[in-house]
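Q: Can you read through this structure? Questions will come right after.
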Amino acid sequence: MDRSTGLVWLRNDLRISDNPALAAACKESDAVIALYIHETDKGIRAPGGAARWWLHHSLTVLAKDLAELGISLMVESGKAGDVLADVIKNQSVGNVHWNRRYAPAEVAIDKEIKENLRKDELSVTSHPGNVLIEPWMIETGQGKPYSVFSPFWKTLRDKHIEQPLQKPRKLGDAIKAGNVDREYKAPKWSKKFDGVWATGEKAAHDALDHFLDQNLEDYPEGRNFPARDVTSRLSPHLRFGEISPRQVWHTALARTQSHHELRAPTDKFLSELAWRDFSYHQLFHRPDISSAPMQPKYSRMEWRTDAKALHAWEKGMTGIPIVDAGMRELWQTGYMHNRVRMLVASLLSKNLLIDWREGERWFWDCLVDSDMANNPASWQWVAGSGLDAAPYFRIFNPATQGERFDADGKYVREWVPEIKAMPDKWIHNPSGAPKDVLKAAGVELGTTYPRAIVDLKESRERALEAQKNL
C-alpha cells in the first residue's frame with residue numbers, strides 16, 4: 001500500500017503562505033490532502049455565530065487557493081481523532097502535520113491524537129502555531145510565565161521572530177475546489193455581514209497593505225477615536241490565520257526601513273500585536289480563562305442578576321449613547337472599535353455589576369474576530385480579574401469618554417440615529433439634557449430613546465465597594 005500521501009490538519013491557519021504544517025507536508029510528500037474538522041470533542045469551544053459566517057467564507061476561499069496548488073481540501077464534522085483515523089485509512093496517509101494551538105483542552109486533545117497515531121507507526125509532526133513566539137519560549141528571569149504586559153513586551157521585542165515561510169511548491173495541475181458546505185453552518189442573522197467583509201488570504205494582505213499605506217502614521221493617536229477609520233481591522237484575519245502574526249510583524253518592520261518617520265507608530269502597532277501573544281501566553285499557562293477568573297479572589301465576587309439590564313446592553317438600548325453605538329455596530333457588522341469594547345465591557349461588569357462571562361459569551365457569538373485568547377483575556381482585563389488588569393478603581397465613564405473621543409458625536413450619530421439631532425454638548429448624555437433641548441431634537445426619553453438604565457456616579461461607588469470587599 002502506498003503510504004506517501006501527506007495530510008495537513010488545518011485549524012486556525014487558513015492560509016497558503018507562512019503555514020509551517022503545509023510547507024512541511026508539501027516538502028515531504030508528492031501528494032497532500034488538507035483537512036478541516038468542525039470538531040465536536042468535549043472541551044472544544046465551538047465558534048460563535050458570526051465566526052461561523054467568517055469560517056464558511058474563509059474555507060471557500062482557501063479551497064480555491066489550495067486547488068491551485070493541486071491540493072484538495074476536505075471539510076468534515078465529528079470528533080477529531082475519529083475523523084483523522086478515517087481519512088488516514090481511506091486516503092492512505094503516511095505522514096500528518098498540524099500547527100499547534102494553545103488552549104488547555106486543545107493541547108490535551110492534540111497530545112492524545114499524536115500519541116495514538118504514532119502507535120499506528122504514522123509520522124506525526126506539530127509545528128509552531130499562530131503566534132509570534134510560542135508561550136513556553138518566553139519567561140521571566142525566574143523562569144515563570146509573565147503576568148504583566150510591559151515586561152512581556154520588552155522581552156518579546158528583543159526575541160528573534162522567525163521570518164515568514166514562502167508559499168509552498170505546486171504539487172500538480174490545478175484541480176477543482178471541493179464544496180466546503182457541511183451541516184455546521186452560520187445562523188441566518190449573520191447574512192448581513194455579506195458585503196461588509198472580504199475574507200481569505202488575499203483580503204488579509206490587502207487589509208494590511210491599506211493600513212500601512214494609509215493609516216499607520218495616524219495610528220498612535222487616531223486609534224482612540226472610533227469615528228476615525230485608522231485601525232488595521234486585521235483581528236478577524238489573524239483569528240482565522242488568513243495572515244500570520246509573523247507576516248504582519250515583518251511586513252510592518254520592512255516599511256520602517258525606507259520610512260524612518262514611521263518607526264514610532266510602527267512600534268505602537270507592534271505592541272498591540274504583542275498583546276495578542278500575551279493573551280495566548282495567559283491562555284496556555286492557566287486554567288480555562290473563558291470561565292475561570294485569573295485572579296482567584298474574583299471567584300468570590302457577588303455579581304448581580306439583572307436579565308432586563310443585560311438584554312438592554314446586548315441590544316444597544318441602555319440609554320448611554322456610546323455604549324449603544326458600540327453594541328449596535330457589533331450586531332450589524334460583527335465588529336466593534338477597541339476603545340468602545342472597553343467602554344461597553346466596563347459598563348456591564350462595573351456599573352451594572354453583571355458577571356463579565358455574560359458579556360464574553362455575547363461577544364463570542366457576535367464578533368467575527370471572537371478569538372480563543374483575546375476575547376476572555378480582554379474581558380477579564382476590564383472586569384479587573386485579569387492578570388494585568390486595570391486597577392479596580394479605574395471605572396470608565398462612558399459619557400465623559402464619549403465627550404473626549406467622539407466630541408462631535410459622529411460615531412454615535414452613525415449608530416444611534418434616533419438622537420442624531422441632539423447638540424454636541426448633550427449627544428453623550430441625553431438623559432441629563434434639558435427638556436427644551438430634547439424637544440428641539442425630537443427626542444422623547446423612554447419613548448424614542450431609552451433613559452439611562454443606570455446612574456453612572458452611584459453605580460461607580462457600588463462597584464468600588466463590591467471590589468473593596470474582595
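The values are calculated or read from the model by the stated rules, or taken from the named source; none is laboratory data. Keep in mind that this is a model prediction, so the values were computed, not measured. Cβ: placed from backbone, ideal geometry, glycine included. Neighbour counts: every protein chain shown.
Q: Report those helices (runs of 4 or more DSSP H) wholly inside the stretch 337-454 carrying at least 2 residues which are of a type in the set (D, E, K, R) and in contact (Cβ under 8 Å) with a residue 24 or more places away in the chain.
A: Answer list for the stretch 337-454: 338-346, 356-366, 410-415.
Q: Please count how many residues of the stretch 350-385 are surrounded by fewer than 22 Cβ atoms within 10 Å (Cβ to Cβ) and charged (D, E, K, R).
A: Number of matching residues: 6.
Q: Counting only residues that are surrounded by fewer than 24 Cβ atoms within 10 Å (Cβ to Cβ) and polar (S, T, N, Q), which one in the stretch 295-329 is farthest from residue 147 (Cα to Cα)?
A: Of everything passing the filter in the stretch 295-329, 305 is farthest from residue 147 (Cα to Cα).
Q: Here's a check for you: in the stretch 222-250, which residue that is of a type in the set (Ser, Thr, Tyr) and part of a loop (DSSP other than H, G, I, E, B) is nearest to residue 197 (Cα to Cα)?
A: Filtering first and then ranking leaves 232.
Q: Considering only residues that are surrounded by fewer than 20 Cβ atoms within 10 Å (Cβ to Cβ) and either in the same structural domain as residue 385 (by TED's automatic domain parsing) or assigned to a helix (DSSP H, G or I) (or both), which ones fall in the stretch 254-269?
A: Once the filter is applied, which keeps residues that are surrounded by fewer than 20 Cβ atoms within 10 Å (Cβ to Cβ) and either in the same structural domain as residue 385 (by TED's automatic domain parsing) or assigned to a helix (DSSP H, G or I) (or both), the stretch 254-269 yields 254, 255, 256, 257, 258, 260, 261, 262, 263, 264, 267, 268.
Q: When you go through (1) part of a strand (DSSP E or B); (2) under 26 Å from the mean Cα position of the chain (by Cα); (3) of a type in the set (Ser, Thr, Tyr) one by one for residue 60, which number turns out not to apply?
A: It fails just one condition, (1).
Q: Let me ask something else about it. With (1) without any contact (Cβ under 8 Å) to a residue 60 or more places away in the chain; (2) under 18 Å from the mean Cα position of the chain (by Cα); (3) not in a helix (DSSP H, G or I) as the list, and residue 207 as the residue in question, which single condition is left unmet?
A: So the condition that residue 207 fails would be (3).
Q: Shifting gears a bit: For the structure I just gave you, tell me whether residue 278 is among the aromatic types (Phe, Trp, Tyr), under 17 Å from residue 134 (Cα atoms) and either at pLDDT below 95 or outside any loop (DSSP other than H, G, I, E, B) (or both).
A: Details: among the aromatic types (Phe, Trp, Tyr): yes; under 17 Å from residue 134 (Cα atoms): yes; either at pLDDT below 95 or outside any loop (DSSP other than H, G, I, E, B) (or both): yes.
Here the answer is yes, as residue 278 does meet what is asked.
Q: State yes or no: is residue 175 assigned to a loop (DSSP other than H, G, I, E, B), of a type in the set (A, V, I, L, M) and closer than 27 Å to residue 277 by Cα?
A: Numbers: assigned to a loop (DSSP other than H, G, I, E, B): yes; of a type in the set (A, V, I, L, M): yes; closer than 27 Å to residue 277 by Cα: no.
No.
Q: Is it the case that residue 148 is of a type outside the set (Asp, Glu), outside the structural domain of residue 103 (by TED's automatic domain parsing), within 26 Å of the chain's Cα centre (by Cα) and surrounded by 13 or more Cβ atoms within 10 Å (Cβ to Cβ)?
A: So residue 148 does not fit the description; no.
Q: Just give me the residues in the stretch 104-116 being in contact (Cβ under 8 Å) with a residue 24 or more places away in the chain and either surrounded by 20 or more Cβ atoms within 10 Å (Cβ to Cβ) or acidic (Asp, Glu) (or both), in sequence order.
A: 106, 109, 112, 113
Q: A further question follows. Just one of (1) among the aliphatic types (A, V, I, L, M); (2) in a loop (DSSP other than H, G, I, E, B); (3) crowded, with 21+ Cβ neighbours inside 10 Å trips up residue 37, so point out which.
A: (2)
Q: How many residues, within the stretch 184-201, are free of Cβ contacts under 8 Å to residues at least 40 places away in the same chain and surrounded by 13 or more Cβ atoms within 10 Å (Cβ to Cβ)?
A: 1
Q: Another question about this same structure. From 310, 273, which residue is in a helix (DSSP H, G or I), touching a Phe, Trp or Tyr at 6+ places or on another chain (Cβ under 7 Å) and either at negative phi or among the aliphatic types (A, V, I, L, M) (or both)?
A: Being in a helix (DSSP H, G or I), touching a Phe, Trp or Tyr at 6+ places or on another chain (Cβ under 7 Å) and either at negative phi or among the aliphatic types (A, V, I, L, M) (or both) holds for just one of 310, 273, which is 273.
Q: Considering only the stretch 332-355, I want to know if a residue exists there that is more than 21 Å from residue 376 (Cβ to Cβ) and touching a helix residue (DSSP H, G or I) at 6+ places or on another chain (Cβ under 6 Å).
A: No, the conditions are met nowhere in the stretch 332-355.
Q: Moving on. Among the residues in the stretch 44-54, are any more than 30 Å from residue 289 (Cα to Cα), touching a helix residue (DSSP H, G or I) at 6+ places or on another chain (Cβ under 6 Å) and buried (at least 24 other Cβ atoms within 10 Å of the Cβ)?
A: No, the stretch 44-54 contains no residue that is more than 30 Å from residue 289 (Cα to Cα), touching a helix residue (DSSP H, G or I) at 6+ places or on another chain (Cβ under 6 Å) and buried (at least 24 other Cβ atoms within 10 Å of the Cβ).
Q: Taking the stretch 130-172 as the region of interest, how many residues are of a type in the set (A, V, I, L, M, F, W, C), part of a helix (DSSP H, G or I) and more than 24 Å from residue 236 (Cα to Cα)? Write out each step before concluding.
A: Going residue by residue through the stretch 130-172, those that are of a type in the set (A, V, I, L, M, F, W, C) are 131-133, 136-138, 148-149, 152-153, 156, 161, 165, 171.
From what's left, part of a helix (DSSP H, G or I): 136-137, 149, 152-153, 156.
Imposing the further condition that a residue be more than 24 Å from residue 236 (Cα to Cα) reduces the set to 136-137.
Adding up the residues that qualify gives 2.
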